[in-house]
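The values are calculated or read from the model by the stated rules, or taken from the named source; none is laboratory data. Since the model is a prediction, treat every value here as computed from it, not as a measurement. A quick note on method: Cβ atoms are made from the backbone with ideal geometry, for glycine too, and the neighbour counts reach across all protein chains shown. These area figures cover heavy atoms from the full protein model, side chains too; ligands, DNA and RNA do not enter into them. Shrake-Rupley method; radii C 1.70, N 1.55, O 1.52, S 1.80 Å.
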Amino acid sequence: MKHTISIQVYNHSGVLARVAGLFSRRGYNIESIAVGVTEDPDISRMTIVVEGDEHIVEQITKNVHKLIDVLKVSDISQEDTVDRELALIKVAADTSNRSDILQIVDIFRAHIVDVSEKSVVVEIVGDEQKLEAIIQLLRPYGIKELTRTGKISMVRGSKPQSIPSRRIASA
Amino acid sequence: MAIRLNKDDERRKIKRMTGAQAFVQALIDTDVDTVFGYPGGAVLSIYDALYDAPIRHILVRHEQGAAHAADGYARATGRPGVCLATSGPGATNLVTGIATAYMDSIPMVAFTGNVAQGLLGTDAFQEADITGITLPVTKHNYLVRSAKDLPKVIREAFHIASTGRPGPVLVDLPKDISIAQVDYEYPETVDLPGYKPTYKGHIRQILEAAYAISAAEKPLLYVGGGAVASGAHELLAQLAEKTNIPVTTTLMGLGAFPGTHRLFLGMLGMHGTVAANWAVCECDLLIAVGARFDDRVTGKLDQFAPNAKVIHIDIDPAEIGKNVPVDIPIVGDVAAVLEVLLEKVSPKSANAWLTQVEQWKQEYPLAYDKPETGELMPQEAIETLYKKTAGKAVVAGDVWQHQMWIAQYYKFDNPRHHLSSGGLGTMGYGFPAAIGAAVAKPDAEVWAVCGDGSFQMNAQELSTAATYDIPVKIMIINNSYLGMVRQWQELFFRQRYSNSHLMPNPDFVKLAEAHGVPGVTVKNRAQLEEAVHTAQNTSGPYLIDVHVVPEANVFPMVPAGGALSDMVGIRGRLES
Ligand SMILES: Cc1ncc(C[n+]2csc(CCOP(=O)(O)OP(=O)(O)O)c2C)c(N)n1
Ligand SMILES: [Mg+2]
């Protein structure tokens, strides 16, 4: 199962390596990781997406929680969240097919952020399914480059994301 | 030169000093009395500040020795041990000792020098990214970026190392930090919002545990190093006695419950006793106390305690449910939890279960044959030591056969008397750890019982023992083999003894004498008894090279990956 783990950390050097190390030591590959500062400039939030066994991910999460620089950890996979990711996609495009590509971009409410003779760069924001869908549709034209930010997530409504999920709190 | 502040009167006063002096002052303010270390270019200023400081510095002969000595100091006292090394190779030489402490949750603070901050990351001379290297084997580590942070970092490092689930913390000190000028102020408190260990157990869980104990017909206490770490030995004994529950411990738990107690079944696991392992197989309630279900303990996991409900008491939430499913988890300090549990649990009288395990204990004691030639069996050497020291010595072991024989035949009645590398299984641990223990507890009788292979991994510390006249008594269980390797080759590799024979071993007595340590070689029981007597009556270090039967094996044994019920080498009382 795919897990989305939200972690609040102190912005200390090495904290990313500490967190990542706890995944890699169990042979787990982090699928995506997005890090940025929060409303408090001393604190960053990481959103980690990792595929793996429920039990092992839970144990890793508990170990992450033990890190001195980690304030809060929650596995928000089961929560009602807003998920977003941004991708930049450079697609081979010339005069013959540029309008077809534009059409796809419009349907997805994506944007063209760069145009050259032989390619366009598409910027798209959305959840994973949306990104996967546009990538599938653009692939036949020839994707020359693709880069993604990794997912960021926020639990919906008034419940702040910083409350650790019950599973971790009760352990 | 160190600036001396009278700790209590002037603790809060700000003084201007160098980073190196601040380092030393912060150690003093943290009540550090001993540092095990080895100097080098990156720590010259620190060594200069130590020169006339009121801190004892023990110069080891290899940094690994410093780390193990700090570890031995910590295990013997419960207080964090301190080691210090220079940058690069000095720092990397500490790593095995740090990892050893990490695996066994031993409080330690390791200080390393590093190149000046401007050179970090440039492959400068004797640079090593020691915070990177030790990331997975420390509880936490610091790279100090500003001299003014030193007191705070040092205070935090000791706090982290010695609270919660203890462990080693490394502090890396770039060279420019120690020469910078700094206004010294020791922080009054530690403020770590991301670090809040849970001490008190959840009362509802404890009540559930008390109920499960009342309901159980065949309960068993399975006790690990956490009981030693939290100082819970007395509470544990009271709990076992009140409820008449038999007790087994792990290697790390030896001494947490009296080895001579009527309720003690001996160690469990790969080389556990029949009574302990069978009790695990048969129990209907397993109460794990500060233990972590290590694979050397459980054997085949899905057949471990197959009929039992499991209560797991541990301060580390990440240990709960890691290897086995737990019915009643209790996160908290073992002593804090046992205190409440002891009060809540109803007394139980001895029952058929206790009779059963006692019968196993009687029928299948640990046993070995003594050869008619009069040659010494290694087990006999340990039994002799046990007798001659009245079971009161602090005994540090190295790794393997002899380590298991110590665990089996030296019945530790008290915690912090058995020092052994359980998790990492570090050969070469025993002797320097014994040095650390002897430095920490000058009045204790401290023995290093070493393998002939293991001893050679840190034999250089003979110089340290001689230099400071540290009263460590060394007993080498000399079987002229890497005994563990030989035993496995005999049993599982068709007696193909590949690279496990140590002949010719050095003459250990001459080796000791060359370092200024007296010693004697012994080959039979009478000689051994006399030698132990001599050692006990020698004020400084002493070495006994005990030649034992080379092919003795450790039994009983659960072959790797087997279930605890699959023990081989069981001997009944009737056969022996
Ligand atoms: C540093 C290190 N290297 C290798 C090993 C693997 N190993 C475990 S026990 C052992 C042999 C130990 O021989 P010795 O010290 O003579 O003890 P004995 O088993 O003979 O009592 C070896 C090589 C280890 N545990 N530690
Ligand atoms: Mg040997």
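Going by what's in this entry, would B:Ala459 be described as closer than 24 Å to B:Ala232 by Cα and either surrounded by fewer than 24 Cβ atoms within 10 Å (Cβ to Cβ) or without any contact (Cβ under 8 Å) to a residue 60 or more places away in the chain (or both)? Reasoning before the result, please.
Working: closer than 24 Å to B:Ala232 by Cα: no; either surrounded by fewer than 24 Cβ atoms within 10 Å (Cβ to Cβ) or without any contact (Cβ under 8 Å) to a residue 60 or more places away in the chain (or both): yes.
The answer is no for B:Ala459.
For segment A:80-87, check the following and say yes or no: at least one residue is more than 19 Å from A:Gln136 (Cβ to Cβ) and exposed (fewer than 15 other Cβ atoms within 10 Å of the Cβ). So far as segment A:80-87 goes, yes, one or more of its residues are more than 19 Å from A:Gln136 (Cβ to Cβ) and exposed (fewer than 15 other Cβ atoms within 10 Å of the Cβ). Being touching a residue at least 12 places away in the same chain (Cβ under 8 Å), surrounded by fewer than 20 Cβ atoms within 10 Å (Cβ to Cβ) and among the aliphatic types (A, V, I, L, M) holds for only one residue in B:Ile154, B:Ile179, and it is B:Ile179.
Restricting B:Ala116, B:Ala99, B:Ala161 to residues that are within 14 Å of chain A (Cβ to nearest Cβ) and surrounded by fewer than 22 Cβ atoms within 10 Å (Cβ to Cβ) narrows the list to B:Ala99. The numbered conditions (1) hydrophobic (A, V, I, L, M, F, W, C); (2) over 22 Å from the mean Cα position of the chain (by Cα); (3) not assigned by TED's automatic domain parsing to the domain that holds B:Ala240 are all true for B:Leu342 except (3).
On the basis of being touching a residue at least 24 places away in the same chain (Cβ under 8 Å) and either farther than 25 Å from A:Arg156 by Cα or away from chain B (no Cβ under 14 Å) (or both), does A:Leu71 make the cut?
Numbers: touching a residue at least 24 places away in the same chain (Cβ under 8 Å): yes; either farther than 25 Å from A:Arg156 by Cα or away from chain B (no Cβ under 14 Å) (or both): no.
It is false that A:Leu71 is touching a residue at least 24 places away in the same chain (Cβ under 8 Å) and either farther than 25 Å from A:Arg156 by Cα or away from chain B (no Cβ under 14 Å) (or both).
The residues listed here are B:Ser105, B:Ser87, B:Ser146; of these, the one that is within 14 Å of chain A (Cβ to nearest Cβ) and surrounded by 24 or more Cβ atoms within 10 Å (Cβ to Cβ) is B:Ser105. Just to check your reading of the model, which residue among B:Pro197, B:Pro187 is of a type outside the set (A, V, I, L, M, F, W, C), in contact (Cβ under 8 Å) with a residue 60 or more places away in the chain and open to solvent by 10 Å² or more (accessible area, probe 1.4 Å)? Every option except B:Pro197 fails the conditions. So which residues in segment B:114-162 are assigned to a loop (DSSP other than H, G, I, E, B), in contact with an Asp or Glu (Cβ under 8 Å, 6 or more places away or on another chain) and either of a type in the set (A, V, I, L, M) or within 17 Å of B:Val43 (Cβ to Cβ) (or both), if there are any at all? Result: B:Val115, B:Ala116, B:Leu120, B:Val144.
When the residues of segment B:200-232 are filtered to those that are closer than 30 Å to B:Arg416 by Cβ and of a type in the set (Ser, Thr, Tyr), the one that is least open to solvent (accessible area, probe 1.4 Å) is B:Tyr222. Is it the case, given these coordinates, that B:Ser454 is part of a helix (DSSP H, G or I), within 16 Å of ligand 1 (Cβ to nearest atom) and of a type in the set (Ser, Thr, Tyr)? Taking the combined requirement at face value, the residue satisfies it. Report yes if some residue within segment B:244-254 is of a type in the set (Gly, Ala, Ser), open to solvent by less than 20 Å² (accessible area, probe 1.4 Å) and outside any loop (DSSP other than H, G, I, E, B); otherwise report no. No, every residue in segment B:244-254 fails to be of a type in the set (Gly, Ala, Ser), open to solvent by less than 20 Å² (accessible area, probe 1.4 Å) and outside any loop (DSSP other than H, G, I, E, B). The lone criterion from (1) aliphatic (A, V, I, L, M); (2) within 12 Å of ligand 1 (Cβ to nearest atom); (3) under 18 Å from the mean Cα position of the chain (by Cα); (4) in a helix (DSSP H, G or I) left unmet by B:Leu424 is number (4).
Please work out which residue is most open to solvent (accessible area, probe 1.4 Å), limiting yourself to segment B:302-327 and to residues that are more than 13 Å from chain A (Cβ to nearest Cβ) and not in a loop (DSSP other than H, G, I, E, B). The extreme case among them is B:Asp302. Scanning segment B:316-351 for residues that are free of Cβ contacts under 8 Å to residues at least 60 places away in the same chain and of a type in the set (A, V, I, L, M) gives B:Ala318, B:Ile320, B:Val324, B:Val326. Flag set for B:Gln489, criterion: farther than 23 Å from B:Ser420 by Cα and in contact with a Ser or Thr (Cβ under 9 Å, 6 or more places away or on another chain).
Residue-wise test of (1) in contact (Cβ under 8 Å) with a residue 12 or more places away in the chain; (2) within 20 Å of the chain's Cα centre (by Cα); (3) surrounded by fewer than 23 Cβ atoms within 10 Å (Cβ to Cβ); (4) not assigned by TED's automatic domain parsing to the domain that holds B:Gln536.
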| position | (1), (2), (3), (4) |
| --- | --- |
| B:Ala444 | yes, yes, yes, no |
| B:Ala448 | yes, yes, no, no |
| B:Thr464 | yes, no, no, no |
| B:Pro471 | yes, yes, yes, no |
| B:Ile476 | yes, yes, no, no |
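Condition check: in a strand (DSSP E or B) and farther than 24 Å from B:Glu372 by Cβ. Does B:Lys510 satisfy that?
The answer is no for B:Lys510.
Here B:Glu551 fulfils each of the conditions (1) part of a loop (DSSP other than H, G, I, E, B); (2) without any contact (Cβ under 8 Å) to a residue 60 or more places away in the chain; (3) touching an Asp or Glu at 6+ places or on another chain (Cβ under 9 Å) apart from (2). Can you tell me which residue within segment B:426-482, out of those that are within 16 Å of ligand 2 (Cβ to nearest atom) and of a type in the set (Ser, Thr, Tyr), is nearest to B:Met103 (Cα to Cα)? Looking at residues that are within 16 Å of ligand 2 (Cβ to nearest atom) and of a type in the set (Ser, Thr, Tyr), I get B:Thr426. Just one of the numbered conditions (1) open to solvent by 50 Å² or more (accessible area, probe 1.4 Å); (2) within 16 Å of ligand 2 (Cβ to nearest atom) is not true of B:Ser500: (1).
With the condition kept exactly as written, say whether any residue in segment B:399-412 is touching a Lys or Arg at 6+ places or on another chain (Cβ under 7 Å) and either away from ligand 1 (no atom under 11 Å from the Cβ) or away from chain A (no Cβ under 14 Å) (or both). Give the steps one after another, and end with the answer.
In the first step, residues of segment B:399-412 are kept if they are touching a Lys or Arg at 6+ places or on another chain (Cβ under 7 Å); the result is none.
For segment B:399-412, residues touching a Lys or Arg at 6+ places or on another chain (Cβ under 7 Å) and either away from ligand 1 (no atom under 11 Å from the Cβ) or away from chain A (no Cβ under 14 Å) (or both): absent.
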